[in-house]
Amino acid sequence: MLRRLIPSLLLLVASAVFVAWRNPSLWKNRIPGSWKDSIKEWHATPLLLKSLKLPPGFVITRFAKTESPRMLAFSPGGTLLVTSEAGGTVTALPDLQHSGRASGEVTVLKDLNGPHGIAFHNGHLYIAEVKRLVRYDWDEAHLGAANPVVIARLPESGEHMTRTILFAHGKLYVSAGASCNVCTESDPRRAAVSEMNEDGSDAHVFASGLRNAVGLTFNERTDTIWATDNGRDWLGDDLPPDEIDDLGPSGGDFGWPYCYGDRAPDASFGGTQERCRNTVPPRVELQAHSAPLGLVFYTGQMFPFEYHGDLFVAFHGSWNRSVPTGYKVIRVKMNDHGEPERVEDFITGWLPPGETRTGKWMGRPVGLAVGSDGSLYISDDGSGSVYRVTWEL
């Protein structure tokens, strides 16, 4: 009997491997990094910290070690929470001694479907899973979440499964990436940022044409939402540029899949000058395939005055490029009106010197948050770390 079953079992396994190989979107987002990255050996944290380079006066330490950390948010009482898309968890990282290092881990939620976006609002914890947005009652004393209420259904999973959330102007904003590399979407909520009330009612598309806006943040000086956007693949090493977009007071069409960058037509997908003329151009164009994810405006007081109001952006790092790029945190210098002036590296070293050809990364930055004391927190789902950056000159 067993001998007769073996050929069928082998055929089943071979078919599964073939399907996975032809459809990487089914599995590549379930692990940290791309398929090549998943087999690389993660380096020890002391070695990694030693390799990271910051401007003089800044110090980076490991705040916590935790599974595949993604987006960060501080609770009303000042405890840092982190989502783990790969682990299906939401974890609290209390610093009870105020030592700059987490005292331990508290599992707030588990067995979730790709939790990514996280936000607190009016005593509630909001978590965006792949297919739904859930509101919980938040218990600060016990770092617990209870009484889940599904306030919105989100698009089905696809090539881009992360869902990011942000509260601004009394509204809740939700980003959902495209289901593909480049295509015409049947669900208008994809490749878009939607706006809704805090209870999920009156949901509608706010900004469209954003292929994969993984990061959302609020710019106090412009009173608008800003987003990162990851451009499409397979147009070469340097096209299209990744973007930082100002969604403005009323959103708009940011071009994808027909346009990219400063209203440039994607001729390979039928883009035309006429079609792109009325789309919204990015505020900042970035090196293609950098994979900008989390972003945050610096609202603290710890860093030197020239950093106040500046934008920090986490580059997760490339996979679709012959020479790897990204794997760092950049600073976008802003003027007094909240407009970008220049882009410069802030933290480098996750891709060590000499590894730009092999792509042997040591970490992959994802989420950013500013603590109440003005320190900057960074998640790294490649090394499983949350870092804390302080000014100590």
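Quick notes on this one:
- Criterion: acidic (Asp, Glu) and touching a strand residue (DSSP E or B) at 6+ places or on another chain (Cβ under 6 Å) - qualifying residue of 199, 233: 199
- Enumeration of residues in the range 237-252 that are buried (at least 21 other Cβ atoms within 10 Å of the Cβ) and assigned to a loop (DSSP other than H, G, I, E, B): 240, 247, 251
- Cβ-Cβ contacts under 7 Å between residues 6 or more apart (or on different chains), taken from a first residue in the range 44-61 that is on the phi > 0 side of the Ramachandran plot to a second residue that is modelled with pLDDT of 95 or more and buried (at least 16 other Cβ atoms within 10 Å of the Cβ), are listed as 57/391.
- Scanning the range 269-287 for residues that are basic (Lys, Arg) and under 22 Å from the mean Cα position of the chain (by Cα) yields a count of 1.
- Screening the range 148-163 for residues that are in contact with a strand residue (DSSP E or B) (Cβ under 7 Å, 6 or more places away or on another chain) and assigned to a loop (DSSP other than H, G, I, E, B) and picking the one that is surrounded by the most Cβ atoms within 10 Å (Cβ to Cβ) gives 155.
- Each residue in the range 74-114 was checked for being within 13 Å of residue 143 (Cα to Cα) and small (Gly, Ala, Ser), and 5 pass.
- Yes/no for residue 328 being surrounded by fewer than 17 Cβ atoms within 10 Å (Cβ to Cβ), modelled with pLDDT of 95 or more and in contact with a Pro (Cβ under 9 Å, 6 or more places away or on another chain): no
- All positions within the range 50-73 that are among the β-branched types (Val, Ile, Thr) and either touching a Cys at 6+ places or on another chain (Cβ under 8 Å) or over 23 Å from residue 140 (Cα atoms) (or both): 59, 60, 61
- Close pairs (7 angstrom Cβ cut-off, 6 or more residues apart or separate chains): over 26 Å from residue 124 (Cβ atoms) and at pLDDT 95 or above in the range 186-201, among the aromatic types (Phe, Trp, Tyr) and assigned to a loop (DSSP other than H, G, I, E, B) anywhere: 191/256
- Qualifying residue in the range 210-230 (condition: aromatic (Phe, Trp, Tyr), farther than 13 Å from residue 280 by Cβ and either in contact (Cβ under 8 Å) with a residue 24 or more places away in the chain or crowded, with 23+ Cβ neighbours inside 10 Å (or both)): yes
- If the condition is being modelled with pLDDT of 95 or more and either more than 23 Å from the chain's Cα centre (by Cα) or surrounded by fewer than 17 Cβ atoms within 10 Å (Cβ to Cβ) (or both), then the range 253-268 contributes 258, 262, 263, 264, 265, 266.
- Test: residue in the range 132-153 that is closer than 26 Å to residue 292 by Cα and touching an Asp or Glu at 6+ places or on another chain (Cβ under 9 Å): no
- Flag for residue 128 being under 17 Å from the mean Cα position of the chain (by Cα) and within 30 Å of residue 270 (Cβ to Cβ): no
- Elements of type strands (runs of 3 or more DSSP E) in the range 48-147, at least 2 residues being buried (at least 18 other Cβ atoms within 10 Å of the Cβ), of a type in the set (Gly, Ala, Ser) and in contact with a strand residue (DSSP E or B) (Cβ under 6 Å, 6 or more places away or on another chain): 117-121
- Selected residue (criterion: surrounded by the most Cβ atoms within 10 Å (Cβ to Cβ)) from residues of the range 341-393 that are basic (Lys, Arg) and over 20 Å from residue 104 (Cα atoms): 364
- Test result for residue 288, under 26 Å from residue 221 (Cα atoms) and either at pLDDT 95 or above or surrounded by fewer than 24 Cβ atoms within 10 Å (Cβ to Cβ) (or both): no
- Taking every residue in the range 364-393 that is within 13 Å of residue 49 (Cβ to Cβ) and at pLDDT 95 or above and pairing it with any residue that is surrounded by fewer than 24 Cβ atoms within 10 Å (Cβ to Cβ) and β-branched (Val, Ile, Thr), at least 6 positions away or on another chain, the pairs with Cβ-Cβ distances below 6 Å are 387/60; 388/61; 389/60.
- In the set 177, 158, only one residue is at pLDDT below 95 and either within 16 Å of the chain's Cα centre (by Cα) or closer than 27 Å to residue 291 by Cβ (or both); that residue is 158.
- Positions within the range 149-166 being out of contact with any Lys or Arg (no Cβ under 7 Å at 6 or more places or on another chain) and either over 22 Å from residue 84 (Cβ atoms) or free of Cβ contacts under 8 Å to residues at least 40 places away in the same chain (or both), in sequence order: none
The values are calculated or read from the model by the stated rules, or taken from the named source; none is laboratory data. Since we're looking at a predicted model, the values are computed, not measured. Backbone-built Cβ (ideal geometry, glycine too); neighbour counts: all protein chains shown.
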